[in-house]
Amino acid sequence: MKPAEDSLPPTAAPAGRGSLRWELFFGLSRTPHGLLDMATPAMAALLGLGHFPPLATVLVGIVTAFSGYTAVYALNDIVDYRVDRQRLALRQDAKRPFDLDGLLVPHPLARRLLSLPKGLLWFCFWAVIALAGAWWLNPVCVVMFLIVAALEALYCKLLKVTWLKIIPTVLVKAAGGVVGIYAVDPSPPPGYVSFLILWLASWELGGQNVVNDIADLEDDARVGAKTLATVLGVRESVFVAVAAASMAAFAGVAIYWLSGPGIGPIYPLGAAVIGWKLLLQPARKLYADPCPETAAALFNRASYVPLAFLVLTTLALVFHP
């Protein structure tokens, strides 16, 4: 028997009359996670450039990155809101492993706490700002943003079709770094760009997407989602996650030899520490004890990778001998 959509678990009180309830909009865009992801283009720009860009570029870049991630994360929930509603109606256990996406009310559209028209207006508002900023930085970034939005929508639409939807999602996350370097350098070295894509794609695969699917295995199975975990099983998913996380940890160090000339030698040492603490250590625990809790722990730790590398890159620039 199909559960009634009105039986969704009440996780937050409905918005008061006349209240916009901004936390619902930021929940739609998963803003806590988006703020961490914003470090990706900044880190990629500094690491590839090897020096700090002009202040105007920095300021426009911050606004553009925030707008872009806010829009794309909102697009994910807008395209997926019917599946999310079904997922919530079928959910049997109230206790879930904590992850960063749950800091604000998750899936407010699916919970009927936010209307679809308001969600669409929210997406359009931030998308327009992102496009304007991208045009000012480099028109190539406009094309990349449009491609990213299309790939994000494709990823959502493939939810019940194939687990190979991981391909568009790793490209989306890698594109954040590529947009960052093209925003400050119209002709970045092809070797650096290629290795950057490999690094960020392996980070997304091993530290974000696959482990999130392991943590959500039961929910995904109930709605018929095709993920690596539901199709190939937890064992294969853990293997892929650990292998990809290990590759990301190695690539985060190795990219130093393709970076700009202003990056100091403290970078590879710091990168090794970050890779161990945020990727390899939680990946080892997942391998030893494959369960939703260890998968969520890897997801949460790995979410801080872009921010940690941004701080490291900044320090490597400042203290370059």
Q: Output the residue which, of all residues in the stretch 224-237 that are aliphatic (A, V, I, L, M) and open to solvent by less than 10 Å² (accessible area, probe 1.4 Å), is nearest to ALA297 (Cα to Cα).
A: ALA229
Q.
Based on this model, can you work out whether PRO261 counts as farther than 16 Å from GLY207 by Cβ, open to solvent by 50 Å² or more (accessible area, probe 1.4 Å) and not polar (S, T, N, Q)?
A. yes
Q | Test for LEU298: is it within 20 Å of HIS33 (Cβ to Cβ) and either part of a helix (DSSP H, G or I) or open to solvent by 30 Å² or more (accessible area, probe 1.4 Å) (or both) | A | yes
Q: Hand me the list of helices (runs of 4 or more DSSP H) wholly inside the stretch 225-284 holding 1 or more residues that are within 30 Å of ARG85 (Cα to Cα) and in contact with a Gly (Cβ under 7 Å, 6 or more places away or on another chain).
A: 234-254
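Sort out which residues of the stretch 1-55 are among the small types (Gly, Ala, Ser), under 30 Å from SER115 (Cβ atoms) and modelled with pLDDT of 80 or more, and write them in order of number.
Initial filter on the stretch 1-55 (among the small types (Gly, Ala, Ser)): 4, 7, 12-13, 15-16, 18-19, 27, 29, 34, 39, 42, 44-45, 48, 50.
Subset that is under 30 Å from SER115 (Cβ atoms): 4, 7, 12-13, 15-16, 18-19, 27, 29, 34.
Of everything in the stretch 1-55, those that are among the small types (Gly, Ala, Ser), under 30 Å from SER115 (Cβ atoms) and modelled with pLDDT of 80 or more turn out to be GLY27, SER29, GLY34.
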Q.
Name the single residue that is most open to solvent (accessible area, probe 1.4 Å) among those in the stretch 301-321 being in a helix (DSSP H, G or I) and of a type in the set (S, T, N, Q).
A. THR314
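The values are calculated or read from the model by the stated rules, or taken from the named source; none is laboratory data. If you're wondering where the values come from, they're calculated on a predicted model, not measured in any experiment. Here Cβ is always computed from backbone atoms with ideal geometry, including for glycine, and neighbour counts include all displayed protein chains. Ligands, DNA and RNA are stripped out before the accessible areas are found, and what is left, the full protein with its side chains, is counted by its heavy atoms. Shrake-Rupley method; radii C 1.70, N 1.55, O 1.52, S 1.80 Å.
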